[in-house]
Amino acid sequence: MSVTATPEAAPDDGPAPDAGPVQKPPLIKPAVRKRLVPYWLLLPGILWLLIFFAAPLIYQASTSVQTGSLEEGFKVTWHFQTYWDALTEYYPHFLRSVLYAATATVLCLLLGYPLAYLIAFRAGRWRNLVMILVIAPFFTSFLIRTLAWKTILADSGPVVGALNSLHLLDVTSYLGITEGQRVLATPLAVVCGLTYNFLPFMILPLYTSLERIDPRLHEAAGDLYARPITTFRRVTFPLSMPGVVAGTLLTFIPAAGDYINAELLGSTDQKMIGNVIQSQFLRVLDYPTAAALSFILMAAILTMVTVYIRKSGTEDLV
């Protein structure tokens, strides 16, 4: 007789363990989140520009087309005639600002390029010290530095005395940039102040551009029997053009809107457009005219800068 084995029942271990809550897919896929990282990093800068640049700019634009007075209040009446009236009345100040700023920019380039070249190629172990001396004026207030020039160019100071001894003031007076035997309250004093205050803005971009030039290019030019002046004209200067363009922009733009130097070193005949805007805002209290002048100055500078960059062959900067 055969015995059939029956399978034993599996022991009952109780209910099956809980597998846990079902995980939901992420709302933002990792690939999308990775693409959004740069925009999140840009967000603080964009908010800063919107709050402290775009919003004031829009407010100034609305102010420029308002009419009224401080007692009665200003209302937006879309009075665009303010722009034409401001331009026709104060165009000499615009021209003077452009002239002073352009002269100071050229002087900064003539003074700053040799110094930047010296720091980049000849300073050696003194490079850091010279760089510190270049940026040292920034540790002093802009106003204090300009006031110091009133002492330097004082009528009884050594500078005016030396110029008188060399009879150079007679020449500058003939050219119309000084008056008599004094330098203060003349165009020369204003241009000197602008040149001094904005010279570091020219030197630093020039040094950065020159420092990137491979010295082997100079050696190669020498191997091809190029003279130093030819090497500079055909190699060094073309390769430093980005620094020249950046330096001239960093110098010309703030110099054109400056009013401190003309206020402290000049007279009423040397007032720049920045002085007019400051006076319209704080003294005359003609806010629409001041806002219109600000927009005209901004538009003029943007136009000149765009044309300059394209003519200089550095369109990639815009």
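The values are calculated or read from the model by the stated rules, or taken from the named source; none is laboratory data. Nothing here was measured: the structure is a model prediction, and the numbers come from that model. Every residue, glycine among them, receives a Cβ derived from its backbone with ideal geometry; neighbour counts consider all protein chains shown. The accessibility values were calculated without ligands, DNA or RNA, using every heavy atom of the protein model including side chains. Shrake-Rupley method; radii C 1.70, N 1.55, O 1.52, S 1.80 Å.
Can you tell me how much longer the chain between residue 229 and residue 106 gets when fully stretched, taken as 0.36 nm per residue apart minus their C-alpha distance, in nm with one decimal?
Stretched fully, the residue 229-residue 106 segment lengthens by 42.2 nm.
Using each residue's phi in segment 64-71, evaluate 6.51 cos²θ - 1.76 cosθ + 1.60 at θ = phi - 60° and report the 3J(HN,Hα) Karplus result to the nearest Hz, with x for Gly and Pro.
5, 10, 9, 9, x, 9, 5, 6
Given the -39500 (n - 2.57) contribution per DSSP H run of 4+ residues, what per-residue ellipticity at 222 nm results for the chain, rounded to the nearest 500 deg cm²/dmol?
-20000 deg cm²/dmol
If you take the beta carbon distance between residue 59 and residue 269 as r and set R0 to 35 Å, what does 1/(1 + (r/R0)^6) give as a FRET efficiency, to the nearest 0.05?
In this case the efficiency is close to 0.55.
So what is the orientation-averaged projected area of the chain, using the convex hull of its C-alpha atoms, in nm²?
Its Cα hull, projected and averaged over all orientations, spans 40.1 nm².
Could you run the Karplus curve 6.51 cos²θ - 1.76 cosθ + 1.60 with θ = phi - 60° over segment 255-270 and give me ³J(HN,Hα) per residue in whole Hz, x for Gly and Pro?
5, 5, x, 6, 9, 5, 5, 5, 6, 8, 9, x, 10, 5, 7, 10
Helix 142-152 against the longest principal axis of the chain: what's the angle in degrees, Cα atoms only, rounded to the nearest 10?
So the helix axis and the longest Cα principal axis differ by about 20 degrees.
How big is the Kirkwood radius of segment 116-220, worked out from every pair of different alpha carbons and given in Å to one decimal?
16.2 Å
Report, to the nearest whole %, how much of the accessible area of the chain belongs to carbon and sulfur atoms, 1.4 Å probe, protein only.
Of all accessible area on the chain, carbon and sulfur atoms account for 68 percent.
Mind putting a number on the dipole of the chain about its Cα centre? Charges go on the C-beta only, +1 for Lys and Arg and -1 for Asp and Glu, and I need it in Debye to the nearest 20.
Dipole about the Cα centre, nearest 20: 920 debye.
Can you give the extra length, in nm with one decimal, that the chain gains between residue 69 and residue 81 once fully stretched, where that is 0.36 nm per residue apart less the Cα-Cα distance?
Stretched fully, the residue 69-residue 81 segment lengthens by 2.7 nm.
What accessible area, in Å² to the nearest ten, does a 1.4 Å probe give for residue 279?
30 Å²
Residue farthest toward the positive end of the dipole of the chain, with Cβ of Lys/Arg at +1 and Asp/Glu at -1: which of 200, 117, 280?
117
Tell me, what is the per residue accessible area of segment 235-318 in Å², probe radius 1.4 Å?
Per residue, segment 235-318 has 44 Å² of solvent-accessible surface.
Between Rg and the Kirkwood Rh of segment 41-193, both from Cα atoms, what is the Rg to Rh ratio?
1.11
Per 0.36 nm of contour for each residue apart, how much would the distance between residue 126 and residue 282 grow if the chain were fully extended, relative to their Cα-Cα spacing?
Result for the pair: 51.5 nm of gain on full extension.
If we count every other residue with Cβ under 15 angstrom of residue 157's Cβ, Lys/Arg +1 and Asp/Glu -1, where does the sum land?
Combined, the nearby Lys, Arg, Asp and Glu give +1.
With each pseudo-label sitting 7 Å past Cα toward Cβ, what's the residue 171-residue 303 distance in nm, one decimal?
It works out to 3.7 nm between the two label points.
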